1. Yes or no: residue 450 touching a Leu at 6+ places or on another chain (Cβ under 6 Å), touching a residue at least 40 places away in the same chain (Cβ under 8 Å), over 30 Å from residue 251 (Cβ atoms) and not acidic (Asp, Glu)?
2. Check 454, 397 and return the single one that is hydrophobic (A, V, I, L, M, F, W, C), under 22 Å from the mean Cα position of the chain (by Cα) and either assigned to a helix (DSSP H, G or I) or at positive phi (or both).
3. So how many residues does segment 317-343 have that are farther than 23 Å from residue 581 by Cα and assigned to a helix (DSSP H, G or I)?
4. Is it the case, given these coordinates, that residue 283 is in a helix (DSSP H, G or I) and either surrounded by 21 or more Cβ atoms within 10 Å (Cβ to Cβ) or not hydroxyl-bearing (Ser, Thr, Tyr) (or both)?
5. If we keep just the residues of segment 122-133 that are surrounded by fewer than 24 Cβ atoms within 10 Å (Cβ to Cβ) and of a type outside the set (Gly, Ala, Ser), which is farthest from residue 65 (Cα to Cα)?
6. I'd like the residue in segment 193-216 that is assigned to a strand (DSSP E or B) and buried (at least 20 other Cβ atoms within 10 Å of the Cβ) and, out of all such residues, is farthest from the chain's Cα centre (by Cα).
7. Which residues, taken from segment 493-509, are under 42 Å from the mean Cα position of the chain (by Cα) and not in a loop (DSSP other than H, G, I, E, B)?
8. Quickly run through segment 488-533 and pick out the residues that are touching a Pro at 6+ places or on another chain (Cβ under 7 Å) and touching a residue at least 40 places away in the same chain (Cβ under 8 Å).
Amino acid sequence: MRVRNSTYLCLLVSMAACSGLFSAEQIPAQRARKITEAAPAKPQVAPGRPRRVLIWITPAHLMAKDPHKGYCIPYGAAAFEALGRKTGAFEPVVSGDLAVYLPENIGRFDAIVMNNSSGPWITPTDSDVASQAFSKYGADKAAVEEVLRKSLLDYVGGGRGIMAIHYAIGANRHWPQFQQLIGAKFTGHPWNEEVGVTVEEPGHPLAAAFGGKDFRLADEIFQYGDPYDRSKLRVLLSLDPERTNMGVKWINRRDNDFALAWVKSHGKGRIFYTSFGHRTELYWNAQVLKLYLDAIQFVTGDLDAPTAPRPDRPARRAPGPTAPEVRAAKMKARNIASPTEKEIQKIEAAAPDKPAAKPAKPRKVLVWGHAWAHQPNPYAEVALEILGRKTGAFEAIVSDDPRLLLGDRLPQFDGLVMNNIHERDPFLADDFAKRTQEQKDAARKFDEAVKQSILEYVRSGKAVVGIHAATAAFQNWPEYGEMIGAYYGGHILQEVAIKPDDAEHPINACFEGKPFRITDEIYISREPYSRARLRVLASLDLSRMEDPQKRPDKDYAVSWVRTYGRGRVFYTTLGHEAATYWNGVFLQHLLAGIQFAIGDLEGETAPTAK
């Protein structure tokens, strides 16, 4: 039943005086019918006795700022009323009057459903404290709030229960014990889309709604932080990272543990919480309504269900950094070696002592690539770390974590170095072809999100640097080829002569206007390579070496720059042979290219015809 006036509430809870109640917004009649039709016909178990359940909504003085006032709260109130009325499992009492939590009133309810109730609602208002009902407990808000806090904790600890849905967990942020009571703290909602859900304990009574099977559901999905701890609660439902788009922004749990429903004990009492409860269509989803009803019966004490924490959790893969032991195994399997101590010393000795230009501010550069993808990758990692540290030009962060490439993390870096990426699809797992269709769909969404993030990053004014095999990667991603300037179209491995095409460009200062000879693997560029779109800095000097006869136009670019949106791009095909990384001229060229791209070294980017 819906409480509509203070007189009735006074009779219901025997209050001497009451403040006015907030009446939950009405919902369209056709929606109300859908909710009633979708509600279960009967409860999972017969109630042990008549039950009265408080459906707690955000109090009136906080409702105006409640982000869920127009949909979740009224639809939730209608759903819980329908569940109680249709099944007879409980009598629903909808209220936003804080007086229900006073010690003499709260015990009249067998359980409380916190229906997206948000804000610091445990704190009384000035008018509350001035009323007779509250004033007997203290002369100020702090004293009365302390009584209300204790009343709620004693209520649950003494054997009653709380069911909380969705944003109810975000209430009372100033009261840490509230988060401990519910079991976690709200830390964000990365998803508002369909996700894959794992039923962790198919035989649990509160998982009956899903028939013991994993499922998919669209909602605003939360993630949680401390005091969330699986050793203190029993997780029933969780997000499956393998069947969910992990390319959304603001995912901050490194352990990929995204619980969606759990139970726990508090003293003799019972707690149930679920993230589900944002989208209005959930309130006529038959499975969700059954979950809600079962949860209410659990917290009233009618449905017995275990709450002891389980030590296990599903093993789920998710995009992230490669574990050191896996990296080592992959490198060994592909015969990729890291530089020896002697080679590292040679790189250190060859690296310049000072930057090509003084950094405008402390710089941080992400060096991204799989160490096992190509022979030079580990050498480039070490060389870039040394270049940044020795010259003070930047701090190199070496990683292969694709989440660092997402739009909420990549902007922390001044530049992105594509370190010999080489693979066609480096953001997809090695076993992609063996995954289920749901898993493939989720992986593709992640791949698309990372790619879009990189493009937006550079277009917004940041830098991208490609070393050697970077043009061999992403052959099926046309925007990447356009951004980096070319795709791999073959190679030669021999001693070559290189001439500066733009002798005055600061990136070419290392050549001192003279031809340069080096033995390295030189890539032959193909479309979209065009001097009409790039400023070529250096190319093969065919007057000092034989024509490789790979391009009819005899145009063998070695390094170039370009703008892409508001960002700057530097690419060099040099960087395959280990010895290249202790070649002082190459290291100066690479350092200057990075400093140019991140904006510390000025230079032209306008294309120049051959």
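1. On the way: touching a Leu at 6+ places or on another chain (Cβ under 6 Å): yes; touching a residue at least 40 places away in the same chain (Cβ under 8 Å): yes; over 30 Å from residue 251 (Cβ atoms): no; not acidic (Asp, Glu): yes.
Answer is no for this residue.
2. Numbers: 397 fails: either assigned to a helix (DSSP H, G or I) or at positive phi (or both).
Sole residue among the options that is hydrophobic (A, V, I, L, M, F, W, C), under 22 Å from the mean Cα position of the chain (by Cα) and either assigned to a helix (DSSP H, G or I) or at positive phi (or both): 454.
3. So the answer is 5.
4. On the way: in a helix (DSSP H, G or I): yes; either surrounded by 21 or more Cβ atoms within 10 Å (Cβ to Cβ) or not hydroxyl-bearing (Ser, Thr, Tyr) (or both): yes.
Taking the combined requirement at face value, the residue satisfies it.
5. For segment 122-133, the residue satisfying everything is 132.
6. Applying the first criterion (assigned to a strand (DSSP E or B)) to segment 193-216 yields 193-199, 215-216.
Now restrict to residues that are buried (at least 20 other Cβ atoms within 10 Å of the Cβ): 195-199.
Working: 195: 13, 196: 15, 197: 16, 198: 18, 199: 21 Å.
The extreme case among them is 199.
7. The first filter runs over segment 493-509 and keeps only residues under 42 Å from the mean Cα position of the chain (by Cα), leaving 505-508.
Across segment 493-509, the qualifying residues are 506, 507, 508.
8. Matches in segment 488-533: 492, 497, 498, 499, 508, 511, 531, 532, 533.
The values are calculated or read from the model by the stated rules, or taken from the named source; none is laboratory data. Please read all numbers here as calculations on a predicted model, not as lab measurements. Glycine also receives a Cβ, built like all others from the backbone with ideal geometry; neighbour counts cover every protein chain displayed.
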